[in-house]
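The values are calculated or read from the model by the stated rules, or taken from the named source; none is laboratory data. Small disclaimer: the values here were computed from a predicted structure and weren't measured. Methodologically, a virtual Cβ is constructed for each residue, glycine included, from the backbone with ideal geometry; neighbour enumeration extends over all protein chains shown.
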Amino acid sequence: MSKLYMKGNEAIVEGALRAGLEGFFSYPITPASEIIETFASKYFADREREKRGEKPLYPKFRVFMQMESELASINAVMGGASIGCRVMTASSSPGISLKQEGISYIAACELPCVIVNIMRGGPGLGSIQPEQGDYFQAVKGGGHGDYRLIVLAPNSVQEMAEHTMLLFNLTNKYRNPGMLLADGYLGQMKESLEFPEVPIEEYEKPWAAGNMELDGEQHTIEFLFLTPEPMVEAKKRLLEKYKTIEANEVRYETYKVDDAKIIVTAFGTPSRVAKAAVDLAREKGIKVGLVRPITLWPFPYKIYTNLTSNQVDRVLVVELSFGQFVEDVRLGVEGRAEVRLFPKFGGIVPTEEEVLEKIMELV
Amino acid sequence: MRVSALIPKYPEPETYVGRTHYCPGCGHATLHKILGEVIDELGIRKKVILVEPVGCSVLALRYLKVDGIQGPHGRAPAIATAVKRLKPEKIVLTYQGDGDLAAIGTNEILHAANRGELFSVIFVNNAVYGMTGGQMAPTTLIGQKSTTTPTGRMIEYAGYPLRICELLNTLDAPVYLERVSLYDVEQIARARAALKKAITNQIEKKGFSLVEVLSNCPTNWKMTPEESWRFVKEEMTKIFPLGIFRDR
Amino acid sequence: MKTEIIISGFGGQGVLFLGDLIAYAAVKEGYYVTWVPSYGPESRGGTCNCQVIYSDKQIGSPAIAHPDILIVFNQPSLYKFLPRLKTNGFLFYDSFLIKEPPAREDIKIVGVPAFQLSKMGNMAMLGAFLAVVDQIKSETIFQILEEKLKGDKTKFIPINKEAIATGMDFVKSQER
C-alpha cells in the first residue's frame, strides 16, 4: 500500500536528494515554486541540525541558492556541472525560455545536469495553468545550435520522483543535460506514492575542471573553434553520442494495444485521462489501446511504426497545445494510419468523457 | 614580427604560455603574463579555476595553464559562484571585459558582489568592444568614436560611461575594489600587486575582490600602441580615476 | 470504490486544507489518492477550489468532471459546480454564507451553517462530511492533526477537534 503523500513538485525534490544532489540553483516561478521552497526548507533544516551538533540528513546537498535570475541559475548549474558536481535547476515555461542560452552551452560542453520544466500556459506571460506548449522547445532544442536534451515525461507524482532519479543516471551516463518535462497539473497535484526506488549509478568524471590537482593536466570546459575542421570532429562525436542514446534509451508505456484498432496517445497528465478513456471505450467493446511516450527525446517512433504497420488504422493524439507532439507521432506513423488531433489548450485538462467522445468519432 | 619578439627576454612564468593571438601592443598579453606570475608566486596553479569571458580574451585558457570554464557572455560570476560554493578549496577567478561584465553581465556581477562571493574578478576596461570589431562599450568615453558611435558617443543617445568600481563601492559586501592600469612599467607593477592582493583575499577567505584594469585597444581605437597608452593615461583616467576604492 | 469530491469557496476559508486533510486521511486508510488545487495569484479573498479522489484502484484522470460529493462555502462556487454534481450525489453547503437554497432535487443536500457554528468553518464542515458520508474515520483525521500540529501548535488540536465535533453534532441533530 502507498506510504507517502506529496505534491509532484515535492516529489522531484525527494528524487533529487535520493540521487545525491549536491547543488540546487533556481529562481521562483509559479507553478514550480514548491521545488525551490522545499529545497530551501530541507537545506536550512540541515544547517540548523549542524548548529545543534547533529548530523545533516542530506550531507551531499551542500549548496542551495536562490539566484538573481533564470540566467544566473542555469549558469550556476553550468559551473557546478563543469567541476563534476550533481546539480539541478527548476522553473516553468517563461523561466525556461530565459535559460535557453545556458542550456545550449551546457549541451555543447557535454555537462550532465537536470533541468525541470513545470509547464504553464504560453506564449508570453500566458497563464499559470497547465499546458504542454514547450514540447518543441524541449525536444527540438530551444537554444541555438544542434543539440539534444534527454527529455522525460512523467505522468504521476510517483514518476516525478523516479524520473528525476532516472534522469540523474542518464545525464551522467551520457554526459548530457536532461529535462524533466511536466505540466503544471503534475507539479501542483498531490498523490499517494510508494517510496521511490531507482538504483543510483555513479560515473567517474575525469574530464571535470579542477582535476588538475589529481592528474596535473589542464582541464578546460569549452566549445569554441576558430577553424571548421576541429569543430567538424567535435560535432561528429556529439552526433554519435545522440545516436547511441536514440538506440539505447527509448522508453514508453503501452496499454491494451495487442488487439487495438485504434490507439490513443498522449504524455503527462493527458495520458492519464486518455488511459481512463480507453477503459471506458473498452467497456463499450471498442478495440482501443494507449501509447504513452516516457522519453520525448529520444522519441519512440518505432512503436507507432510497428502498431500502424499491423492492425492499428486510427491514432488519436491528445495534447495540451495547438499540436506539437502530434508532429512526432506523424513521423512515426508515416501515413499508415489516420492521425487525428484533439488539442486542448488554454489551461484546461480534457475530461475522460471528452476523450471517449473523440474515440467514438473514430470508430 | 611575432608579438613575443617585442617583449624583453626574462624568465617566463610556469602558468603563462606566451605567443598570444592578441594584436600588437594589446594590454591583454601583459595582463595574462602578470596574472601567470602571481599564480606562480602564490603556488596555486593546480588549484585555480578560471572562468573566461566572451570577448578578445575568450582564449585566455590557451595562454594560462590552469583549469577553467568558458561560459556564456557575461555569466562568469554566476558560474564562479557555483564553483566556489561547491568547491571552496579552489581558487576561483573570473576574467571579464567591459562588454561582458559591464553590459550584458551587469546583473550577474552586481549580485555576486552584493552576496560577497568569495572569488576574485579581473575586469579589463578598454572602452570598446574589441572582438566584434570596435563597437561602443558601456565604458566608451563621451565623444569617443566607435563603429556604432561614428560621430563620437553622445550623452543624449547613449548616456554616460559606466563606472564599475564606483558602482560596486555602494554595496556593503565587497572587501577590495581597486582600479589600476598598464600604461607604464610602474602601473604594471601596481596592477600586479593588486592582482596578488585580490587573490590573497580569497585565499584568506576575506570576501569579494575586484580589480579593474584600464587597458587599450590600438586596433579599434585606430592608434599606435604608444598613442593608445597615452590615451589611457591622459583621457581614460580622467573619467575612470585610478586608486583603491575599498580595502577592508 | 471510487469517490470524487470538489471543494470550493473563498481563499482563506481553508478550502485547500480541508481537501488535503481528507486526501491524506484516505492515504492513511490505504486508498489511492489524488488532490489537485486550483492555484492562482490570489491568497486571500479570491475563489479557490480543490479536487480530491480516493479509490481502491489506481486513479486515471485526476481531473473531476462530475463529482460524487460537492462541498461549497460561497454562492459563486455553488453556481459553478452544482450543475456538475452527479445524480444522487451529496451537496454540502454553508447555509450561513449561502442564502439562496440549491435548486436541484435529484441530489442529497446537507446544509451546515459551518462558519456560524465555528470560526473554523472548514473543520465544522469536515465533521458533517465525516458523519454523513461515513467513508473516512474521524480517528484517522485526529491522528493526522496530532502528527501535523506539533510543538507550539499542539494547542490548536483541541479547538480543531471541537470544531469537527460541532459539525458532526449539527448533522446528527438534524437527522433527529
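General observations
- Inter-residue pairs, beta-carbon under 7 Å, first within 18 Å of B:V180 (Cβ to Cβ) and in segment B:217-242, second assigned to a helix (DSSP H, G or I), 6+ apart: B:C217/B:S228; B:S228/B:P218; B:S228/B:W221; B:F231/B:W221
- Applying the criterion of at least 2 residues that are at the interface with chain A (Cβ under 7 Å from one of its Cβ atoms) and closer than 22 Å to A:E22 by Cβ to the helices (runs of 4 or more DSSP H) found wholly in segment B:42-116 leaves B:76-86, B:106-115.
- Residues being among the aliphatic types (A, V, I, L, M), outside any helix (DSSP H, G or I) and crowded, with 18+ Cβ neighbours inside 10 Å - total across segment A:345-363: 1
- The set of residues in segment C:88-102 being surrounded by fewer than 15 Cβ atoms within 10 Å (Cβ to Cβ) and either more than 18 Å from C:F129 (Cα to Cα) or within 14 Å of the chain's Cα centre (by Cα) (or both) consists of C:K99, C:E100, C:P101.
- A:G335 vs. criteria touching a strand residue (DSSP E or B) at 6+ places or on another chain (Cβ under 9 Å) and over 22 Å from A:L180 (Cβ atoms): no
Results for (1) on the phi < 0 side of the Ramachandran plot; (2) touching a residue at least 12 places away in the same chain (Cβ under 8 Å), shown as yes or no for each residue.
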{"site": "B:A112", "(1), (2)": "yes, yes"}
{"site": "B:G116", "(1), (2)": "no, yes"}
{"site": "B:V121", "(1), (2)": "yes, yes"}
{"site": "B:K145", "(1), (2)": "yes, no"}
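- Subset of segment A:60-99 [closer than 16 Å to A:F223 by Cβ and of a type outside the set (A, V, I, L, M)]: A:N75, A:G79, A:S82
- Within segment C:102-143, if we keep just the residues that are in contact (Cβ under 8 Å) with a residue 40 or more places away in the chain, in contact with a Ser or Thr (Cβ under 7 Å, 6 or more places away or on another chain) and assigned to a helix (DSSP H, G or I), the residue that is farthest from C:Q75 (Cα to Cα) turns out to be C:G127.
- Any hit, segment A:87-107, residues being part of a helix (DSSP H, G or I), out of contact with any helix residue (DSSP H, G or I) (no Cβ under 8 Å at 6 or more places or on another chain) and among the aromatic types (F, W, Y): no
- Failed criterion for C:P67 (all others in (1) within 14 Å of chain A (Cβ to nearest Cβ); (2) crowded, with 21+ Cβ neighbours inside 10 Å; (3) of a type outside the set (G, A, S); (4) not in a loop (DSSP other than H, G, I, E, B) hold): (4)
- Exclusive hit being under 14 Å from the mean Cα position of the chain (by Cα) and among the aliphatic types (A, V, I, L, M), set A:V87, A:V114: A:V114
- Test: A:E213 is at pLDDT below 95, out of contact with any Cys (no Cβ under 7 Å at 6 or more places or on another chain) and more than 30 Å from A:I128 (Cα to Cα): no
- Qualifying positions in segment A:138-150 - touching a Gly at 6+ places or on another chain (Cβ under 9 Å) and either surrounded by fewer than 24 Cβ atoms within 10 Å (Cβ to Cβ) or within 14 Å of chain C (Cβ to nearest Cβ) (or both): A:G143, A:Y147, A:R148
- Residue count, segment A:10-38 (criterion: of a type outside the set (G, A, S), under 23 Å from A:S127 (Cβ atoms) and assigned to a helix (DSSP H, G or I)): 6
- Residue check for A:V291: away from chain C (no Cβ under 14 Å), touching a Ser or Thr at 6+ places or on another chain (Cβ under 7 Å) and not in a helix (DSSP H, G or I): yes
- Selected residue (criterion: surrounded by the fewest Cβ atoms within 10 Å (Cβ to Cβ)) from residues of segment A:200-258 that are away from every other protein chain (no Cβ under 14 Å) and among the β-branched types (V, I, T): A:V232
- When A:R175 is tested against (1) in contact with a strand residue (DSSP E or B) (Cβ under 8 Å, 6 or more places away or on another chain); (2) surrounded by fewer than 19 Cβ atoms within 10 Å (Cβ to Cβ); (3) charged (D, E, K, R), only condition (1) is not met.
- Residue match in segment C:39-60 (condition: at positive phi and within 14 Å of chain A (Cβ to nearest Cβ)): no
- Matching residues, segment A:7-51, being away from chain B (no Cβ under 14 Å) and among the aliphatic types (A, V, I, L, M): A:A11, A:I12, A:V13, A:A16, A:L17, A:A19, A:I29, A:A32, A:I35, A:I36, A:A40, A:A45
Results for (1) more than 25 Å from A:G268 (Cβ to Cβ); (2) out of contact with any Lys or Arg (no Cβ under 9 Å at 6 or more places or on another chain); (3) more than 10 Å from chain B (Cβ to nearest Cβ), shown as yes or no for each residue.
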position	(1), (2), (3)
A:G53	yes, yes, yes
A:G79	yes, no, no
A:M88	no, yes, yes
A:P94	no, no, yes
A:G102	no, no, no
A:I106	no, yes, no
A:Q132	no, yes, yes
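Yes/no matrix, rows are residues, columns are (1) touching a residue at least 40 places away in the same chain (Cβ under 8 Å); (2) crowded, with 23+ Cβ neighbours inside 10 Å; (3) part of a strand (DSSP E or B); (4) over 25 Å from the mean Cα position of the chain (by Cα):
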position	(1), (2), (3), (4)
A:I303	yes, no, no, no
A:Q311	yes, no, no, yes
A:V318	yes, yes, yes, no
A:V329	yes, yes, no, no
A:R336	no, no, no, yes
A:L341	no, no, yes, no
